[in-house]
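Asker: There's a structure below that I have some questions on.
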Amino acid sequence: MENILVRTSSTVGESNLHLQITPAYRRDVFLNKQVWELTLIYIKEKLEKIHVIPLSAECGPDHAHVFLANWKNFSISYIAQAI
């Protein structure tokens, strides 16, 4: 994985974000592989629209983890709502 350094007028660095997405009542919806694949496609499409880079995504039976880069132009709540 290549480091993406973000440059502003006063800083240089990278900022990544880890989100955990949990379905209602922590149901085991991601045990079905097709559900997980469709969810991953949906998340990638939504993030592409707002120009946030998904670095990786994994899931457990009742939750999903998404690791993001290039997210500093948005609040965490906005990204969560977009997904």
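The values are calculated or read from the model by the stated rules, or taken from the named source; none is laboratory data. Fair warning: this is a prediction, and the values are worked out from it, not measured in the lab. Cβ sites come from the backbone with ideal geometry, for glycine too, and all protein chains shown count toward neighbours. These area figures cover heavy atoms from the full protein model, side chains too; ligands, DNA and RNA do not enter into them. Shrake-Rupley method; radii C 1.70, N 1.55, O 1.52, S 1.80 Å.
Asker: For ALA57, all conditions in the list (1) in a strand (DSSP E or B); (2) surrounded by 15 or more Cβ atoms within 10 Å (Cβ to Cβ); (3) out of contact with any Phe, Trp or Tyr (no Cβ under 8 Å at 6 or more places or on another chain) hold save one; what is the number of the exception?
Answerer: It fails just one condition, (3).
Asker: Here is a list: GLU45, GLU37, GLU2. Which entry is open to solvent by 70 Å² or more (accessible area, probe 1.4 Å) and either modelled with pLDDT under 90 or more than 16 Å from ILE83 (Cα to Cα) (or both)? Walk me through how you get there before you give the answer.
Answerer: Numbers: GLU45 fails: either modelled with pLDDT under 90 or more than 16 Å from ILE83 (Cα to Cα) (or both); GLU37 fails: either modelled with pLDDT under 90 or more than 16 Å from ILE83 (Cα to Cα) (or both).
Of the residues listed, the single one that is open to solvent by 70 Å² or more (accessible area, probe 1.4 Å) and either modelled with pLDDT under 90 or more than 16 Å from ILE83 (Cα to Cα) (or both) is GLU2.
Asker: Could you check segment 30-83 and list, in sequence order, the residues that are of a type outside the set (Asp, Glu), in contact with a His (Cβ under 9 Å, 6 or more places away or on another chain) and more than 26 Å from ARG7 (Cα to Cα)?
Answerer: Hits for segment 30-83 are PHE30, CYS59, HIS65.
Asker: Residue under question is TRP71, and the condition is that it be surrounded by 14 or more Cβ atoms within 10 Å (Cβ to Cβ), within 17 Å of the chain's Cα centre (by Cα) and in a helix (DSSP H, G or I); does it hold? Don't jump to the end; show me each part of the working.
Answerer: Numbers: surrounded by 14 or more Cβ atoms within 10 Å (Cβ to Cβ): yes; within 17 Å of the chain's Cα centre (by Cα): yes; in a helix (DSSP H, G or I): no.
Answer is no for this residue.
Asker: Please name all residue pairs, on different chains or six or more residues apart, with Cβ atoms under 8 Å, provided the first residue is in segment 22-48 and is more than 16 Å from ILE79 (Cβ to Cβ) and the second residue is polar (S, T, N, Q) and surrounded by 11 or more Cβ atoms within 10 Å (Cβ to Cβ).
Answerer: Short answer, once both residue conditions are applied: PHE30/THR39.
Asker: So if I check each of THR22, THR11, which one is over 17 Å from the mean Cα position of the chain (by Cα) and open to solvent by less than 90 Å² (accessible area, probe 1.4 Å)? Break it down stepwise before answering.
Answerer: Details: THR22 fails: over 17 Å from the mean Cα position of the chain (by Cα).
Just a single option satisfies the conditions, and that option is THR11.
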